[in-house]
Structure formats: structure tokens, C-alpha cells
Amino acid sequence: MDSDSVRGVRGIDRRKLLGWGGLTAAGVAAGGAQLAGARPGHAAPAATDPDVIPPDARPGGAYDRYVAKLAAEDKFSGVVLLSHRGRTVLSRSYGMADKEKGVRNHEGVAFNLSSAGKPFGAVAILQLAQQGKLRLSDPVGAHLTGFPQEIAEQVTIHHLLSGTSGLNTPEEDLERIFQSRDEVREYYERWARQAKLVSAPGTPTDHAGAEVAIPALIVEAVAGTTYWDYVEENVFRRCGMTGTAFYTRPQWLTDKHIAHSYMRVADGSRVDAVRNLDKGSPDPYQLGKNPARGFIDFPGDGGFATAPDLVRFAHGLRDGTLLDRHYAELFFGPKVPLAPQGGGLVRKAHKSVPADAAFGTYMMPVSLTNGQWVNGRAGVNPGSFASWNIYPDTGWVGVILGNYDDVPFFDVVQREVELLTG
């Protein structure tokens, strides 16, 4: 059963949205990039007009029909949401959050984010920098002990957040089943401390786990609390993200507002990943392991969020709720050109995701697409996927959350990006 909504996202102050399009230009200038499609003496292309709502973005439009068709064919289960300047233009929900208990997906259901939750850690670091409690140029050893000298003295917070640390992290024990938050934290702290410097700091890396785990440890050392508690208090609660949290496996099993992940397994059936810890996906890209093994997502990664909450987070970055203007510019601004596989969308897995150029930022890459900036982050786990994109030139936010793993995910993302960039 689907749901449609054409209303404002609750908790967003419309008065704060008036400057939505102005921040990116300053951030881009600082990053050394130039906006495509804008030439002296020429009007901006129609697709960048912040007042235009494409007909195909509205209920009954091409995007809506496309997702509805996938859902009717049992190829999509989840929520899609398109928001323009704080007003929900399209919201649809399909499939079941919990088939065993008969709970349907809806706007208030939280989905597993996987890597799509990494920007929360970058915001936490920038908040502490804004407060003068750390500097982005600080080396790891300024806040943490026990790392090899070359890492402690040469690798900076900036290197970690921008994906240019030169570090390599050993493989995780993906079959281990954790029983507590403390056990998860202790394991991943040891794991992060096993990182090796394999190339000079400043060298782009590809999804090095230490680049996520070490900043989370720095947040804990500076703030004096766990990473999870810091982010829930200083990010989620500030934005009014009431359905978003770092839920534990017991909560995942019992809370009807958390979508279960349904994995496609080798015999062709789908199984509930949360209730079947011994099952794994046959897809090697998804590591073939069950995300429910972790008890709680490791510090710096993951979490669960509702689609409206991700819109609130996007606006909290722009209206001063989370970061002052200059630190928001640091968060969004391009830092380093990305190779084709970068950007959180794993373009090597699906090269049709449109982009003229892509750049690393602080955990939320930015691309130039059809002459517009698009900040986006995606994550995929067995039985779940998440994507959310911010379109600062026009005030759009697009969210795609799902609890199947055999969805044409990148096709859905592509449809959204092409629709909202013209």
C-alpha cells in the first residue's frame, strides 16, 4: 500500500530556507571549482530555476509511475521522497517493513543507512572544530594515543574526512555476532588501530574503514562521550530527527518503526536478515554477510533514518542549526577529484549514474551534473539500500530508502538525479 503526501516536512522553519541557494556558490569558490552552465551575460539554464517544479516530479509524474511499476513487480520495497525548499512534493511508500508482523512501510519507518550515515560523523568533527576543541589540521596523535608514529604524526583529521589518508584497514571479522555496544566499540577501536600507512598522506583512498572509525574515536576523546550518544544529542535532536537513531539489534527485532532488511539468498527466496543471522546474501559486492550481526553500527558509520528526517538534516546543514555558515561551506565544498568508483554511489557498479565531474568532500561527495552541484551519499547492505541527495542550486532534497537488496537501485538514483537536474 502506498501513501502520497503534498505537504511541508514538519519541523522546518520556512523563513530559514530563503538563503538555500546562496551557500553553495561561496563554498564552491573556496574549493576552487567553477559552476558549469553559468557564463557571463547568459541566463542560467531553466533546470536551475529554483522555482520550477518539474511535472514529472509531482504525484502521477514519470518518476512516481516508474517507482510504482517497480513496486508492482516486487522490485522495490521502501520509501521515496522529493522535497523542494522544505515542502514535500512527492512521498510514496511501498512494501512491508516487517512481513511477519504485517507492518507496512511508511514515512515514519526508519531504514538501515549503511555508508549513507557517514556524513553524521563529519558534522560532529566540524562542530567540535567550530567550538575550538580541535583543528582539521591536527594529526591523529594530537587526540589519540597508541597509533604508529607515522600515522600519529602525518595523518591529519582533514586527510581522514576527505578520503586522502593513505591508510589501509585490515578486513573486518564479518561473521562475528556482537552482543553489546561495548563489544562493538572495543572491536572497532582495535580494528582501527591496525590500519597501515600504505601511501603518502594526501593520496586518495577508496573506502578505507579507518577513515571513518578514527574520526569517531576523536569525537569520543574530545567530547567525552560515545560517538553514538554525541551524534544523537548534537545532530539528530538538534534537527528534530525523532525517528533517527543508532538502533541496536534487539530494537530492530521489536520496534515496528524500523524496517527489516530482506535479503535475496542463493535459492532465490528473500529472508529476513534480522531474524535469520545465519543467512547471507550471495552478492559479493554486499560482502555476503548479514548486517544484523553487528548489534549496533560501528562508530562513524550507519544508523537508521526516516526519509523526512534526512530532509531535516539537509536543511539543518543549510540554516545554521548544525553548523555556522563557514563550517557548512567546509562540509560541502569540493576537496579532491574522485575516481569513477568514488562518490558513495559506487559508479564502477553502475556507470550510468550521471555526473560530469565528481569531487570528494567531508564524507558527502559532490558532483557537477547537468550544470548543477549535487551532494549525495548512498549505502548498500544485504537487504537494504539508502540514497539521499541535496541539490543546493534549486533547493531540492531527494531520498530513496529500501529494504530489498535486489532492487535496480542505481537506476532509481539515476532517474531522480536526471529529473531534478533537468
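The values are calculated or read from the model by the stated rules, or taken from the named source; none is laboratory data. These numbers were taken from a predicted model, which means no experiment stands behind them. Using ideal geometry, Cβ is built from the backbone for each residue, glycine included, and neighbour counts are taken over all protein chains shown. With ligands, DNA and RNA removed, areas are computed over all heavy atoms of the protein, side chains included. Shrake-Rupley method; radii C 1.70, N 1.55, O 1.52, S 1.80 Å.
If we restrict to alpha carbons, what Rg and Dmax does segment 55-421 come to, in Å?
19.3, 59
Given contacts defined as C-alpha pairs under 8 Å and at least six residues apart, what's the relative contact order of segment 55-421, whole-number percent?
23 percent
For segment 55-421, which whole percent of the accessible surface, found with a 1.4 angstrom probe, sits on carbon and sulfur atoms?
48 percent
Please give the FRET efficiency for residue 324 paired with residue 51, using the beta carbon to beta carbon distance and R0 = 30 Å, rounded to the nearest 0.05.
The value I calculate is 0.60.
Report the label-to-label distance for residue 172 and residue 277 in nanometres (one decimal), using points 7 Å from each Cα along the Cα→Cβ vector.
Those two pseudo-labels are separated by 1.6 nm.
Using r as the Cβ-Cβ distance of residue 100 and residue 233, and R0 as 56 Å, what FRET efficiency do you calculate, to the nearest 0.05?
After rounding, the FRET efficiency stands at 0.95.
Let me know the shape class of segment 45-183, please: from the alpha-carbon gyration tensor, a ≥ b ≥ c as square roots of the eigenvalues, rounded when a/c is under 1.5, otherwise prolate if a/b is greater than b/c, or oblate.
Oblate, since a/c reaches 1.5 and b/c is not below a/b.
Here is the link list: 75/118; 133/335; 133/256; 69/101. Which ones come out longer than 30 Å on Cα distance?
Going by Cα-Cα distance, 133/256 fall outside the 30 Å limit.
What are the extents of the Cα atoms of segment 138-262 along their three principal axes, listed from largest to smallest and rounded to whole Å?
Principal axes ranked by extent give 47, 35, 24 Å for the Cα atoms.
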